[in-house]
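What follows is calculated from the coordinates using simple rules that are stated; it is not laboratory data. Computed from a prediction, not measured in an experiment: that's the story for all the values here. FYI the Cβ positions are ideal-geometry reconstructions off the backbone, even for glycines, and counts take in every protein chain you see.
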Amino acid sequence: MDRADEIRQTVREYYAGRASGGSCCAGATCCGGAEGSEDLLGPSLGCGTPLGAAEVQLGETVVDLGSGAGGDVLRAAQQVGGRGRAIGVDMTPEMVWKARENARRNSAVNTEFYLGEIEHLPLADGSADVVISNCVINLAPDKSAVFAEAFRVLRPGGRLIVADMVSQGPLPDAIRADPAAWAACISGAAEVTEYLATIGRAGFERAQTVASTPSSPGQVFSVTVRAIKPSA
Ligand SMILES: C[S@@+](CC[C@H](N)C(=O)[O-])C[C@H]1O[C@@H](n2cnc3c(N)ncnc32)[C@H](O)[C@@H]1O
């Protein structure tokens, strides 16, 4: 198994446990520094509110990268209405099962949940108006591939809005090398300037931070970033 697969395997096992209600990392904090929260739409393990900055319209198609138990997809489904679609993709089977169960419980018929890696989205080119993600891309070993896939599935003029953990300056090598710290959204946090540059290299325009938590050098913190796929 190569290092990227080892990381994905560790992350998958960790979130399989979270789907069944286990605590984060044997009592440690969840991704985003909280113990996770729960509302009527199910548990959230996110670190921001990307939907809040997405200005979703009726009839749009929204794709959530790393949809977990499906809370943001269910919220997006309410915003796009019956003629829109809200689609979640997650690589952890237990999360996809949980999300589908939550959708059934909420009678959310305009939702779809697919098992898959966000580095290889099971979706057609130009099929989405909005791509969101909440505290997931830091967990992906190949962030360039994730942003390239987000770019591919968005229509020209489509919006990318992601909440994620990033770092202010470099993190110590020992932390970077620890797969368990990847699963807790620490080791995989890219430096914020590099994160924005990676989004730009994927082809997006106007990548900008629209929200962030306070940070100091060497720390991991949460940002929400918005960017646009240029119109054709
Ligand atoms: C911290 S949780 C966030 C879940 C959800 N976005 C939320 O706000 O509650 C991270 C989720 O990302 C998924 N994930 C991590 N890396 C992934 C990848 N490379 N491809 C697809 N899903 C991934 C995990 O299975 C897990 O469900």
### Query
Which value at 222 nm does the chain reach when only helices count, each DSSP H run of 4 or more adding -39,500 (n - 2.57), with the total divided by all residues and rounded to the nearest 500 deg cm²/dmol?
-9000 deg cm²/dmol
### Summary
For the range 169-232 the trypsin sites (Lys or Arg not before Pro) that pass both the DSSP coil test and the at-most-11 other-Cβ-within-10 Å test are none
### Task
With viscosity set to 0.692 mPa s and temperature to 37 °C, compute the Stokes-Einstein D of the chain, Rh being the Kirkwood radius across alpha carbon pairs; µm²/s, no decimals.
189 µm²/s
### Message
Whole-Hz ³J(HN,Hα) for each residue in the range 180-186, computed from phi via Karplus 6.51 cos²θ - 1.76 cosθ + 1.60 with θ = phi - 60°, x for glycine and proline: what do you get?
### Response
5, 6, 5, 4, 8, 6, 10
### Query
Which net charge results when you count Lys and Arg as +1 and Asp and Glu as -1 among the other residues whose beta-carbon is under 10 Å from that of Gln79?
-1
